[in-house]
Amino acid sequence: MRRRLCILGATGSIGESTLDVVARNPDRFEVIALAANRNTRKLAEQCARFGARLAVIADRAKVDELADDLQTAGSTADILGGEEGLIAAVGLPEVDTVMAAIVGAAGLTPTFQAAREGKTILLANKESLVIAGEVFVAEARRTGAPVLPVDSEHNAIFQSLPPNFTDGLDAIGVEKIILTASGGPFLDLPAEELVAVTPEQACAHPNWDMGQKISVDSATLMNKGLEVIEARWLFNARPEQIDVLVHPQSIVHSMVSYRDGSVIAQLGTPDMRTPIANVLAWPERIHAGVPHLNLAQINDLSFSEPDLDRFPCLRLAFSVMKAGNNAPAVLNAANEIAVEYFLKGRIGFDHIPDLVEDVLNRVPTAPIVCLDDVFEQDRLAREQAEMYALECND
Ligand code: NAD
Ligand code: MG
């Protein structure tokens, strides 16, 4: 039977890679609904090409533009706008699988809806798990919604674990999960030069071609910090069971260290179509269009400890994971604002960790028991982040 897909964030880097894999395997997938934020032209072209029945544009002001673009592209897809549209797309009875590839906390509501409805979730939107991990995992468990990780590191770990890993890592003899980090474009830049880096430099990742936000996160190592928290929830790990190793070649995508001394890793060319194909077809294997890895051509696979002094975002994320409660939601919101301001030239690259730490200090500890708590903490943190930027520019 064909998998029937809803792709949230279809026009982004992950969304486009997903459609590329779908196009290579047309017998296996049916595209039911596609959703994007503002890019109506690209969304309409995708709907026409893949025969989507529903097009959703999150920015409601763009609904008319989408109607025109769909007509021009030759698609007869129905149209919905806003967050209700995203929720409706996920909930279509024809949809069995949701690719959650919206960037940022904006992805939480529709991704959570997929969990609520017991749909298979292909999870790229790591921010959902960072800010609402415990509530999200509990909901997916309640409804039996499978959550398959798209993030390359987590997909590598998923491939390196036995199927019953949700029983807990102790039960399957796992001692550590080791996430690899490329180190980003500034791995070897002297600390004093980090002050002057530009958004263009920060977005030019040496190994991966990604959206702007995750590119900046990779440059600060906040991406690895978010991934540490993501791993905690995906694999039911205790904080002390997660380590990070810098591996600049991005060939070993992550590894699992077992009690008996075995270390199992997944390797591959750095191309998101591999983990995407893995979750799309799981437990089967399909072609992804990715060049095969030729280890004989790779001279060097190197590994080192991350430098938490030069990249304080990773240190902050580790401490936030241990603190729990609202801290991860506050860290994430502060980081989203910091990245946005950095991209707009309002703050410098070195202000990103400063802003995040400042906001973490300003927002008091609070428990998270439901989604509304998450949204409230997200709002408080964004308010404080705004204050920081204003004070910075004084
Ligand atoms: P991107 O910026 O390229 O694309 C983001 C997508 O989300 C776009 O389609 C955009 O229209 C949509 N979007 C943005 N805001 C929205 C909103 N408010 N409502 C609805 N849709 C909205 O980002 P990306 O690089 O594809 O990353 C997407 C997610 O996948 C992120 O959470 C990222 O951390 C994760 N991820 C990406 C990669 C990668 O290689 N790009 C790897 C691992 C994980
Ligand atoms: Mg990753």
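In the range 371-383, the residues that are in contact (Cβ under 8 Å) with a residue 12 or more places away in the chain form Cβ pairs under 8 Å with partners that are assigned to a helix (DSSP H, G or I) and among the charged types (D, E, K, R), at six or more places apart or across chains, as follows: Arg382/Glu336. Of all the criteria given as (1) in a loop (DSSP other than H, G, I, E, B); (2) of a type in the set (A, V, I, L, M, F, W, C); (3) open to solvent by 10 Å² or more (accessible area, probe 1.4 Å), the one not satisfied by Leu245 is (1).
Among the conditions (1) hydrophobic (A, V, I, L, M, F, W, C); (2) in contact (Cβ under 8 Å) with a residue 24 or more places away in the chain; (3) away from ligand 2 (no atom under 16 Å from the Cβ), Ile14 misses just one, which is (3). Inspection of the range 145-154 identifies at least one residue that is without any contact (Cβ under 8 Å) to a residue 60 or more places away in the chain, more than 11 Å from ligand 1 (Cβ to nearest atom), over 14 Å from the mean Cα position of the chain (by Cα) and farther than 19 Å from Ala106 by Cβ. Within the range 355-371, the residues that satisfy the criterion of being under 23 Å from the mean Cα position of the chain (by Cα) and surrounded by fewer than 16 Cβ atoms within 10 Å (Cβ to Cβ) are Val369, Cys370. Checked against (1) open to solvent by less than 50 Å² (accessible area, probe 1.4 Å); (2) in a helix (DSSP H, G or I); (3) away from ligand 1 (no atom under 16 Å from the Cβ), Ser128 meets all criteria but (3). Total residues in the range 173-228 satisfying the condition of being closer than 18 Å to Ile337 by Cβ, of a type outside the set (S, T, N, Q), more than 11 Å from ligand 2 (Cβ to nearest atom) and out of contact with any Gly (no Cβ under 7 Å at 6 or more places or on another chain): the figure is 6. Going residue by residue through the range 140-147, is there one that turns out to be β-branched (Val, Ile, Thr) and either at pLDDT below 95 or part of a helix (DSSP H, G or I) (or both)? Scanning the range 140-147 turns up at least one residue that is β-branched (Val, Ile, Thr) and either at pLDDT below 95 or part of a helix (DSSP H, G or I) (or both).
Considering only residues that are part of a helix (DSSP H, G or I) and out of contact with any strand residue (DSSP E or B) (no Cβ under 8 Å at 6 or more places or on another chain), look in the range 103-125 and name the one that is most open to solvent (accessible area, probe 1.4 Å). Of everything passing the filter in the range 103-125, Arg116 is most open to solvent (accessible area, probe 1.4 Å). The set of residues from the range 213-256 being of a type in the set (Val, Ile, Thr), away from ligand 1 (no atom under 16 Å from the Cβ) and more than 14 Å from Ile157 (Cβ to Cβ) comprises just one member, Val246. Only a single criterion out of (1) assigned to a helix (DSSP H, G or I); (2) more than 20 Å from the chain's Cα centre (by Cα); (3) of a type outside the set (Val, Ile, Thr); (4) under 29 Å from Glu139 (Cβ atoms) is not satisfied by Glu284, namely (1). Restricting Ala381, Ala329 to residues that are crowded, with 20+ Cβ neighbours inside 10 Å, part of a helix (DSSP H, G or I) and touching an Asp or Glu at 6+ places or on another chain (Cβ under 6 Å) narrows the list to Ala329.
Any residue that is in a loop (DSSP other than H, G, I, E, B) and at pLDDT 95 or above - is there at least one of those in the range 311-324? Reasoning before the result, please.
Quick first cut of the range 311-324, residues in a loop (DSSP other than H, G, I, E, B) only: 311, 324.
When the remaining residues are screened for being at pLDDT 95 or above, the result is 311, 324.
There is at least one residue in the range 311-324 that is in a loop (DSSP other than H, G, I, E, B) and at pLDDT 95 or above.
Within the range 148-157, restricting attention to residues that are of a type in the set (A, V, I, L, M) and not in a strand (DSSP E or B), the residue that is surrounded by the fewest Cβ atoms within 10 Å (Cβ to Cβ) is Val150. Evaluation of Val31 against the conditions (1) more than 13 Å from ligand 1 (Cβ to nearest atom); (2) more than 29 Å from Gly144 (Cα to Cα) shows that the sole unmet condition is (2). Only a single criterion out of (1) assigned to a loop (DSSP other than H, G, I, E, B); (2) surrounded by 14 or more Cβ atoms within 10 Å (Cβ to Cβ); (3) more than 16 Å from ligand 2 (Cβ to nearest atom) is not satisfied by Pro162, namely (2). Please indicate, with yes or no, whether at least one residue in the range 97-106 is over 20 Å from the mean Cα position of the chain (by Cα) and outside the structural domain of Glu376 (by TED's automatic domain parsing). The answer is no; no qualifying residue exists.
The values are calculated or read from the model by the stated rules, or taken from the named source; none is laboratory data. Since the model is a prediction, treat every value here as computed from it, not as a measurement. Ideal geometry is used to build each Cβ from the backbone, glycine not excepted, and the neighbour counts take in all protein chains shown. Calculation scope for accessible area: heavy atoms of the full protein, side chains included, ligands and nucleic acids excluded. Shrake-Rupley method; radii C 1.70, N 1.55, O 1.52, S 1.80 Å.
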